[in-house]
Every structure is written in structure tokens, then in C-alpha cells.
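The values are calculated or read from the model by the stated rules, or taken from the named source; none is laboratory data. Being a predicted model, the structure only gives us computed values, none of them experimental. All Cβ positions, even for glycine, are placed from backbone atoms using ideal geometry, and neighbour counts span all protein chains on display. Side chains included, ligands, DNA and RNA excluded: accessible areas come from the protein's heavy atoms. Shrake-Rupley method; radii C 1.70, N 1.55, O 1.52, S 1.80 Å.
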Amino acid sequence: MGDQLSIFASQGRTLRDSLKITARDRNIDFKEHARRTKTDFGEVIYKGFPENNISYSYEIIRDKLRYEEDLNQFAWKILPESKTIQGYKAQKASTSFAGRNYLAWFTSEIPIDDGPYKFNGLPGLILEISDTENHYNYKLQSFEKLEDSPTVRIKASNFLKSDKKEVLERIMEYKLNPFAVLERNNTPEKTIKIGFKEGQKEKLLRETREKLKKQNNPIELE
Amino acid sequence: MCSLLGYSQSTISGEILDEKGENLSGATVIVSKDTTGTILAYGISNGKGEFKVNLKLEIDSLFLKVSYIGYSTWEQKIQNTDQQLEIALSPSSEALKEVLVETKIIDQQGDTISYSVAAFKDQKDRVIADVLKKMPGIEILPGGQIEYQGQPIQKYYIEGLDLLEGRYSLANNNISADDVSKVQILENHQPVKLLDSLEFSERASLNIKLKKDVTVSGSAELGTGFSPLLWKAKVTPMIFTKKNQAIVTYQANNTGREVSREIRDFSISDFGREEFNSSKSDWLSIGQLARPPFAQERWLDNNVHLGSANYLIRLEKEVDLKTNISYLNDAQHQIGKSQTRFFTPTDTIELVENTHNDLFINTLQTNFIFEKNTDDNYLKNELEISGFWDSQRGNIDTGNSRIHQRLSNPFSVIRNKLRLLKPVGKQLVTFRSNTGYTEANQNLQVQPGQYEALLNNGINYAEMEQAVKATTFFSDNTAGFTKKIKAITISPEVGVSVKNQSLGSRLRIFDQNETQILDGDFQNNLDFLTSRFYTTSRFVYENNYWNIRLTTPLNLRSFTIEDTSLNKSQSLDRLTFEPSFYIKNKFSAFWETSISANFSNNFGDLDQVYFGFILNNYRNLQRYNSPLPEIFNQNYSWQLRFRNPLKSLFANLSYSFGKTKRNLIYSNRIGENAATIFEALEKENYTDAHRLGIKASKYFSKLNTTLSLGSSFIISNREQLLNDNLVDVENQNLAFKFDLESEVTHWLSASYSGNLSFLKTSLEAREFNEIRTQQHELDLFFYLADNQYFSVDSEYYFNNISKANRNNYFLNVNYQYTFKDSGIDLKASWNNVLNTDEFVRVFNTDFSYVQSTYRLRPSQVLVSMKFSF
């Protein structure tokens, strides 16, 4: 695909997430080609970086943590049903991934083998995908041809690579207490302090913890 | 990669190329029965443009479709047999269908991000600051400064109007969150419209969108306590319309709380500019006490009233006129004691001063700003007029004498700043002008008269009076522009500045109805003219690994100093080059290092060159009967940093060296009664300082605990004249710091911080007692429920020098309850539970130890209530 950038944002969640990325990635020093999918807060998925792999990256303060997975991990079954989504003729397909079964609608009218989150490998863009219990549901929101087609090229040295377990641990720590992580990242030249009123930080942390507990339903179950 | 449906097996493989014959990866290859049939199998071309589709089908002929975004689809009927194909696609300009975009709670349009306040606000939030803190990317620092993505914001607009300039805390802490519909972040915001497409801005600004065209709102806080009777009050009404905005505040308390916090200015000044300092400077003082190094709520005995009014009117499109006026009145009371031990090469002199001071502060500050900001014109003019009518009274008891001091220390300043942008040729040149005048007409009376040996032939006398009048006129004017050549940003600038100062002083002695104005060496009639022509360039190069900055200022300074009555004059011309250089390299994922070096020249100001004695305070008679001080500094530093966010381990090692050359050395002649006569002598001398620091921190995720350790060692040497002898003074300071922060459970968090310091001073071969100090803090925070919390703060201070009060303990407790329905906060604080009445601080100067005792606020309870209207 190379000269085309696809952006997916998950519906129903706050879009605070994707805005961070659009705001920041403006001046990346590009090198390697990859497709990029944005999903959750701070989370960017690069498909095809490195070649035949998925890079899952998550930005914490100013570090981009990254782990790699196989790009071709989806065994799709094309199903006979079809319907029209936003004017495109879409075909149904199914797969299973990380402990959930998914049904997807893709269109070969947009010949991009991409989709939301890590999903890819169908002969056309995935317009909708949801797991069979409907806990996760992605819908295409917008698709537009970018005028000056920015090539997404990435440098491995812009990321800190580790294994999936360690990256997910750091992400969870950050989600539970972003303020503590922020403070740990302070340097003499650049110090960020948050001026909470007494009690406000603790309240926020408790709310976050409860929200995360309620959300204890990760997309990847295994 | 393929789906299996059938019986006989065949493989279709091949290569997909573009019109230039280069391979296309990610093209889709779809196999169906006919043009409209369902997909039987598919493939996607790999990085080399190759694809492979395996088929198990009974049918003879197939329909093959190859697509790639931006290219025409290739379609053909083929036989169901093993075959190798080479398919070339040709570009197409066919547009894809538009797809609907849905509305969001955060909206981004270009560089503007809008946050809906309703989405972030909860019951507890009352003012806009409460909501802002929760928005992603926005932080508010303890002082009230707002940051977006780690950078201070540039402007705080309300409905697009910049009412408060940098004093935005006043709006931020008082506009009710209910009145605001949206908060907009203007990323890469260039406040000067003329520069919008020319100069890229990395900073963001913030705009508060209100719900209604006309908003009337405000907040209030009331509190009381004992003992003695405590009170605090704060009320902040405000009004916003399309063309007029106003915020007014009145705040008062006697609880030791700082009220000026909300009118603090966070304006971002232009980087690297040497501006004239127009802040208040006092020539004379009464005997002061060293302020304790912790929150002033615990020691400041005050009675403060602050009123501030801010008004903006939009005169016409893009033309604003702003007025900010604030008045502060405070009466402060200080009680304490200081014990000073002066060292001379032959002797030690002890001085005890029991001090009672009353400070009266009366300040009026006004700002008038005119700003025109259109697409082809930028002009901003700022006029500042401030008056300080301060006075102080002090009583000192030294055991064998009582000294009464009365000080009147007013100060006034008028200043005008102008910034204008004008196209000159192809460049857009920025002109800046900064012109002003300050005046200090100050007076100190001391009873009984001091320095009787010097001033009154050794006969005691009743009173002495020092009067000083100092004025300064200054004007600084510059022009410059910025240009980017490849990866290097270059900013040249030229400028000229002039400063004309005058100093007049008289010392009078009074005894038995006789007044005598001392002449000769006890008066000044001084004119001091400084001019500076300068040209400077700044070069910046930045990429992911390297960060290099170089500035090259060249200054031509000239000084003319003349005292007509003492018949003394001096003049000096100096051309100096004062470069500074900084280089940083990130040499691996976890390591970076930086080096910096700079040279600078400083020249004495009026307060360091005067030929007649001035009584600065009751035991300090000072003059600088010497050439203009010339100081040359060299600084070098190196830093190595390790950051591993994956393991949450951070460490930092730094070393710096500074060398200062001075043309003058100062002498302190200490008399029997510890009265000091200070004089400067011409003698080249050097000061060296080495500093080594190390710091490391690690987060233990299983324990929810961060541990950090740090240490620093500083060694400095300087030469000092003491009673006509030249001595070498060496200071060695070793310090350790230990911090632990832990979330013990979900309802309890704890933090501990400890500091140890060892200070050793030696005067030639003589070593003095080591000063050891310790400071420990332990805070516990109990989060009882959503709307309640309880906290305990404790502190311990130790020093080894003082005989009494070596150990100081403090304890404060707080409890807050929020009424969920009304949104009213009720807070109760019990400060200084242990009723610790004094705090002792020990420090040393070049030739003395000082042990200062400060009377603290007693154990007090305060209950307060806060609400919005």
C-alpha cells in the first residue's frame, strides 16, 4: 500500500485517544514503510513494520514502547452474506483472535487489506468488525483520500522495544497512575508537576481504578 | 491466506507491477466464479509484489480481479490451472466515495482542539481549573501556571479576548465551570496574526468558550478560626460580554496565606533578552530575620487586603484596550532572635539580636495595554505605573543596648514597552523598545546613634538618619529577525541601550536638639551613565539525536561615573564577546549526554559603585571607593543521563565547574560592637566552584512504591580580605536526599522525604565547627470517601549548632467534606498541633555563623467554606 495512510477510530469511546496521535506524529522522521492504525488512548498499531510483522506501540509521556507480533496471524473465512455499508458493497468474513470470535464486513471496492486494531489480511478494507458477544465493535467512520499522501515511514530507534508482557505491564501502571509515571519522567531541564488541590488526585486515581475495574474486559483475552 | 472449498487443486501465482514496472505490495487478488460471484479465494501481494492463491475447485474457468488503491482494477477470465501471471496496473484518478464523520466530545479542526466541558465535569468541579486539569494533555502547576503537553501555554483567551495577559489564574480559579461550554486548545498558536504563516509557533494557547453571550458569575470563600481570632474572605465577581470583559477580586486574611498568588503573571517573555529590571530595590533596611524555609502559612503573621480589577474593551475589530489595576495592603509582624558569630583572623565576636519588626506594605500596580493585531499590522504597547509606599519599624535588643529603627522605603516605577512588526525588504523585522524611569526616595532613622567613634568623636549620641534618593532612566531598543537555512535556525539582532542613574545621600546625626549633616565621605552626589551597543546571533540545530545551540553576543559597553561633590570620576569602555554553547547527544535508546560552556562579563551597577558611606542598616556602613567592578565568569558543565522507562529506572550524573575573576575584593572591618565597615579594594581575585551531583530513582511496581536517592558535593574557594589580611575561605557542602513515595492501599498513600547536609568552612588553616542539618517529612493521606478526606503532615528539623531548640517538630491535620448537592466545600485545618513556637535556622556567610530563631504561628484551628455563584 505504501503511499496511503489509513486511520481508524473506535466508535463509542472518547476520541481523546486518536487526537493525541494526530497532533504529535506530524514531524516523524520516516524511514521504514508501514501501515498505521490508531485505536485506544496512546496506542498505535503499525502493520508491516518490521516486514510481515505488526508493531503495537503505546506512548507513555515521551517514550514509545513497542512489541512485535506476526502480521499474518488471522485465518479468515469468507462467508456468502453481503450488504451495503456507506455505499460500499461489503462481504462478510469470520475469524478468531485472542480468545474471541469475530465477524467482519469488508469491501473489495477499497482494495486495502487493512482494518481496525490488529485486524488485516482480507482482500479489501474492513468496514465493520465485532466480536460475537459484541463487546468490541468497530465501525469505519471516515475514509478520505489524503491530498499529499504522507508516506508513513518509521525508525525502530524512535521506539523502545520489549516483549508483550513488559509493555502491557508498563501500560497498566501508567493507566492506573499516570501522575506517578509523569513525575518519574521529570528531568532537571523539563519538570512537569501537577498542582492538585488536596484530595483531588486521590479522587481521580480512585475513579480511574474503578473505571478500569469495570472495563476489565480486554480485547485480547489470551 | 486462502479459503478452501473444493476438490481439484491448482495454484495461481504471479507478480503485480505498477506502470513503471516496479512491484506493488498489498494489492488484493480476488478469485470468483464470474464478475458478480462471491469470493472463492484471495491473495495479497507481498513486499516483492508476489502473490499466490491456492484453489480446490471443480470449475474450469475463473474470474480474476486485481486491485490496488489509486490504480485501475485489472479483471480477466482465466483457466483453473496452475499458472504464473505478471500483471501491470495503471494509475487511476477515480475518487472514493465520501464517508460520514460523526460528532465527538473532542473535536479537532486543523490546529484547534475543542473539549466539551460537560463531558469532563463532575459534581465536585466548580471552577474551570477543576475541569481543565482532567482534560488530556492539560496540566496545572502548583503555582497556577497551565501547561499543555508539558509546555506552558502562551495565551489564555476568554471568548477570544486576552483580558488578563499572564495573570490568568484569576479567571482560571474563579470562572464557574457551569458557565463554560467548551475549552479550545489552539495548537501551534501564533498570537501575532501577521506572523501566522511566517513564523511557526510550538506553543499552544487556550480559549474559554462561554455558554451565554453575557455571563455574570463568580466565586466566594469564607473562613474563621482561633486563636487569636482568625478570618479569611475572598470574593470574585466577573462579567463577560462580546465587547467588554471584567474580573474583580477582593481577598483578605490574617491566616498567613499568600493572596498575590492569583495575580501572579505567567506571561512568556522573549527568550534570552537582557531586560532592565524594574522590580523594587531597597537601598536601606532594618535588621531582618531569616524566613523559615517552609510554607508561610506556618510563620507569617499578617493582615492582608488585596483588591484587583481587570477590564478589557474591544474598541474596533482586532483592537483591544486593557487595564489591570491592583492594590495590596499588608501589615506583618515578625519576632525572632539572631545570634551571629563573626570570625576575624585573631578574634571571635558574638552578637545577639532580639528582634521585633513591623512591616507595612502599600502597593498600587497599574497596567494599560493597547494591542492592534490584524493580518498586516501588529502593534502592542504596554504602559506600567506602580507605586510602593512601604514602611518598617524595628526594635533590636542586644542585651546591653536597645536599638530602634524606622524606615520609609517607597519606590515608584513607570515603564513603557512597545513591540512592532514591520516588513523591511523581504524580511519581517521585529522592533522592540523598553523605556522607563524608577525612583527610590528612602530614609532610615536609628536610635541611639551608632558608629560613635567614627561619626561623633567617640561620644554617644541620640539618633542618626540616612537619606537616599536614587533615580534610574533606561531605554533599550532592538531590531531583529529569524531565518531558517536548511536545518539551522539563525536569529540575528542589533540593539542599543542607555541607562542614566543618579544617587544622592546624606547622613545626619542628632543629639540634644543639635542636628549635624555629615559632609565629606558621608554623602553622595553621583551620576552614572551606561550605554551598550550590541549585536548577537543565535544558531540552533536540532534533530532526533543532536541538539546544538550557539549564541554569539558582542557588546560594546561604556560607563561614565561622576561624583561632583566628592570630586571623583571614572570612565570605562569595554568590548566583550560572550558566547554560549550547548550540545546534547542521545547516543542510545537509554543514554544521553550533554556539554555546555559559556563566558559572560558583568559590570557593577549603581549599588556597587559609590564613593561616600551609606548606612545600609544600623550596623552596616558601606561604600565602594573603588573602580567599577568587572566580573568575568566561565562555566562548564557535563551531564550523563540514563532513562529506562521499561524498567522504570532513571539516573543522572553531573559535574560542573565555574571560575569567576573579579577586579575588586571586599573588606569587612568588624568593630568591637560588631558594627561592620565595608569597603572595596582593587585587587584581582578568583573564586572557583566544583559541583558533583548524582541521582537515581526506581519504581517498584509490586509495592506501588518509588524510591529515589541523590547526593551532591560542592567545594568552593574564594579569597577574602578580613581586617586587612587576605585569607582563603573554603566551603565544603555534602548533601544526601532520600525520597519514598508509596500507595500503601487504595485509601492510604504515604510519602517520606529526608535531607541531610554537612557544611564545613575553613578560613586559611582554621577549621570551624561543621554545621549538620537534617530535615524529614512524612505525609499521610487518608481517602475516606468520594467527598471526604483526612490528611496528616509531619516534619522534623535538626541542627547541631544551636544550644536550645536543636530539634523542631511540626504536625498539621486537615479534613475536608463536600456537600454533594450544593457543591459547597467545608474544610477544617488544625495547624501546628504540637504548638511548636520557634524555628531555628543555621547558616554561614563568608566570615560569620548566623543562627536565626523565628517565632511561628501558634497552634490554630481554621474552618472555611467555598462556593460559586
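Does B:S594 satisfy being of a type in the set (G, A, S), within 14 Å of chain A (Cβ to nearest Cβ), part of a strand (DSSP E or B) and open to solvent by 30 Å² or more (accessible area, probe 1.4 Å)?
Numbers: of a type in the set (G, A, S): yes; within 14 Å of chain A (Cβ to nearest Cβ): yes; part of a strand (DSSP E or B): yes; open to solvent by 30 Å² or more (accessible area, probe 1.4 Å): no.
The answer is no for B:S594.
Restrict the check to the range B:756-776 and report whether at least one residue is of a type in the set (G, A, S) and either without any contact (Cβ under 8 Å) to a residue 24 or more places away in the chain or loosely packed, with under 15 Cβ neighbours inside 10 Å (or both).
So far as the range B:756-776 goes, yes, one or more of its residues are of a type in the set (G, A, S) and either without any contact (Cβ under 8 Å) to a residue 24 or more places away in the chain or loosely packed, with under 15 Cβ neighbours inside 10 Å (or both).
If you filter the range B:70-80 down to residues that are open to solvent by 70 Å² or more (accessible area, probe 1.4 Å) and over 16 Å from B:G43 (Cβ atoms), you find that the one that is farthest from the other protein chains (Cβ to nearest Cβ) is B:Q79.
Could you tell me which of the residues B:N524, B:N555, B:N585, B:N544 is over 20 Å from B:S656 (Cα atoms), within 14 Å of chain A (Cβ to nearest Cβ), in contact (Cβ under 8 Å) with a residue 40 or more places away in the chain and more than 25 Å from the chain's Cα centre (by Cα)?
Values: B:N524 fails: within 14 Å of chain A (Cβ to nearest Cβ); B:N555 fails: within 14 Å of chain A (Cβ to nearest Cβ); B:N585 fails: over 20 Å from B:S656 (Cα atoms).
On inspection, the qualifying residue turns out to be B:N544.
Looking at B:T374, B:T355, B:T346, which one is out of contact with any Cys (no Cβ under 7 Å at 6 or more places or on another chain) and crowded, with 16+ Cβ neighbours inside 10 Å? Let's see the steps before the verdict.
Values: B:T374 fails: crowded, with 16+ Cβ neighbours inside 10 Å; B:T346 fails: crowded, with 16+ Cβ neighbours inside 10 Å.
Sole residue among the options that is out of contact with any Cys (no Cβ under 7 Å at 6 or more places or on another chain) and crowded, with 16+ Cβ neighbours inside 10 Å: B:T355.
A search for C-beta distances below 6 Å between a residue of the range B:454-468 that is under 17 Å from B:F613 (Cα atoms) and any residue that is hydroxyl-bearing (S, T, Y) and open to solvent by less than 50 Å² (accessible area, probe 1.4 Å), counting only pairs 6+ apart in sequence or on different chains, returns B:V468/B:S505. Listed by first and then second residue, the pairs with beta-carbon distance under 6 Å, at least 6 apart or on different chains, first residue in the range B:41-69 and within 14 Å of chain A (Cβ to nearest Cβ), second acidic (D, E), are B:I44/A:D113; B:G47/A:E51; B:G49/B:E15; B:E50/B:E15; B:F63/B:D34; B:K65/B:E75.
Going through the range B:820-846 one residue at a time, which ones are among the small types (G, A, S) and at pLDDT 90 or above? B:A828, B:S829, listed by residue number. Return yes when B:R623 is away from every other protein chain (no Cβ under 13 Å), in contact with a Phe, Trp or Tyr (Cβ under 7 Å, 6 or more places away or on another chain) and not aromatic (F, W, Y) and no when it is not. Against the criterion (away from every other protein chain (no Cβ under 13 Å), in contact with a Phe, Trp or Tyr (Cβ under 7 Å, 6 or more places away or on another chain) and not aromatic (F, W, Y)), B:R623 qualifies.
Based on this model, can you work out whether B:Q190 counts as outside any strand (DSSP E or B) and under 21 Å from the mean Cα position of the chain (by Cα)?
On the way: outside any strand (DSSP E or B): yes; under 21 Å from the mean Cα position of the chain (by Cα): no.
Spelling it out, it is not the case that B:Q190 is outside any strand (DSSP E or B) and under 21 Å from the mean Cα position of the chain (by Cα).
Could you please find all residues in the range B:6-35 being part of a strand (DSSP E or B), crowded, with 20+ Cβ neighbours inside 10 Å and either facing chain A (nearest Cβ under 9 Å) or of a type in the set (D, E, K, R) (or both)? Correct list: B:T28, B:V29, B:I30. Within the range B:652-664, not a single residue is buried (at least 17 other Cβ atoms within 10 Å of the Cβ), of a type in the set (A, V, I, L, M, F, W, C) and farther than 30 Å from B:E353 by Cβ. Filtering the range A:157-170 to residues that are in a helix (DSSP H, G or I), surrounded by fewer than 19 Cβ atoms within 10 Å (Cβ to Cβ) and in contact with a Phe, Trp or Tyr (Cβ under 9 Å, 6 or more places away or on another chain) leaves A:S157, A:K164, A:K165, A:E166, A:L168. Within the range B:708-734, being within 14 Å of another protein chain (Cβ to nearest Cβ) and open to solvent by 50 Å² or more (accessible area, probe 1.4 Å) holds for one residue alone: B:L709. Just one of the numbered conditions (1) touching a residue at least 40 places away in the same chain (Cβ under 8 Å); (2) within 14 Å of chain A (Cβ to nearest Cβ); (3) of a type outside the set (S, T, Y) is not true of B:L703: (1). Considering the range B:812-839 alone, what residues qualify as being of a type in the set (S, T, N, Q), part of a loop (DSSP other than H, G, I, E, B) and either more than 22 Å from B:S757 (Cβ to Cβ) or within 14 Å of chain A (Cβ to nearest Cβ) (or both)? If the condition is that a residue be of a type in the set (S, T, N, Q), part of a loop (DSSP other than H, G, I, E, B) and either more than 22 Å from B:S757 (Cβ to Cβ) or within 14 Å of chain A (Cβ to nearest Cβ) (or both), then B:S822, B:N832, B:N835 are the ones that fit.
Enumerate the pairs (first residue in the range B:143-157 and open to solvent by 20 Å² or more (accessible area, probe 1.4 Å) and in a strand (DSSP E or B); second residue anywhere and at pLDDT 75 or above and of a type in the set (F, W, Y)) with beta-carbon separation below 8 Å, excluding pairs fewer than 6 apart on the same chain, so at least 6 apart or on different chains. Partner pairs satisfying both residue conditions: none exist. For the residues B:K417, B:K422, B:K469, the requirement of being open to solvent by 40 Å² or more (accessible area, probe 1.4 Å), farther than 30 Å from B:I490 by Cα and assigned to a strand (DSSP E or B) singles out B:K469. Test B:T38 against the criterion of being facing chain A (nearest Cβ under 7 Å), open to solvent by 10 Å² or more (accessible area, probe 1.4 Å) and farther than 16 Å from B:K77 by Cβ, and give yes or no. Judged against the criteria, B:T38 is a match.
May I ask you to list the residues in the range A:154-174 that are facing chain B (nearest Cβ under 7 Å) and of a type in the set (A, V, I, L, M)? If the condition is that a residue be facing chain B (nearest Cβ under 7 Å) and of a type in the set (A, V, I, L, M), then A:L160 is the only one that fits. Would you confirm whether any residue within the range B:793-811 is within 31 Å of the chain's Cα centre (by Cα), within 14 Å of chain A (Cβ to nearest Cβ) and hydrophobic (A, V, I, L, M, F, W, C)? Checking the range B:793-811: not a single residue is within 31 Å of the chain's Cα centre (by Cα), within 14 Å of chain A (Cβ to nearest Cβ) and hydrophobic (A, V, I, L, M, F, W, C). Say whether the condition of being under 24 Å from B:L507 (Cβ atoms), of a type in the set (A, V, I, L, M) and in contact (Cβ under 8 Å) with a residue 24 or more places away in the chain is met by at least one residue in the range B:426-440. Yes, the range B:426-440 has at least one match.
When B:N652, B:N616, B:N663 are screened for being free of Cβ contacts under 8 Å to residues at least 40 places away in the same chain and either in a loop (DSSP other than H, G, I, E, B) or polar (S, T, N, Q) (or both), only B:N663 passes.
Return yes or no: is B:S753 within 14 Å of chain A (Cβ to nearest Cβ) and within 17 Å of B:Y796 (Cα to Cα)?
Numbers: within 14 Å of chain A (Cβ to nearest Cβ): yes; within 17 Å of B:Y796 (Cα to Cα): yes.
Answer is yes for this residue.
State yes or no: is B:I631 over 18 Å from B:T576 (Cβ atoms), modelled with pLDDT of 90 or more and of a type in the set (V, I, T)? Here the answer is no, as B:I631 does not meet what is asked.
Can you confirm whether B:D270 is at pLDDT below 85 and within 29 Å of B:M238 (Cβ to Cβ)? Here the answer is no, as B:D270 does not meet what is asked. Scanning the range B:847-866 for residues that are farther than 14 Å from B:N769 by Cα, at pLDDT below 90 and open to solvent by 20 Å² or more (accessible area, probe 1.4 Å) yields a single hit, B:K866.
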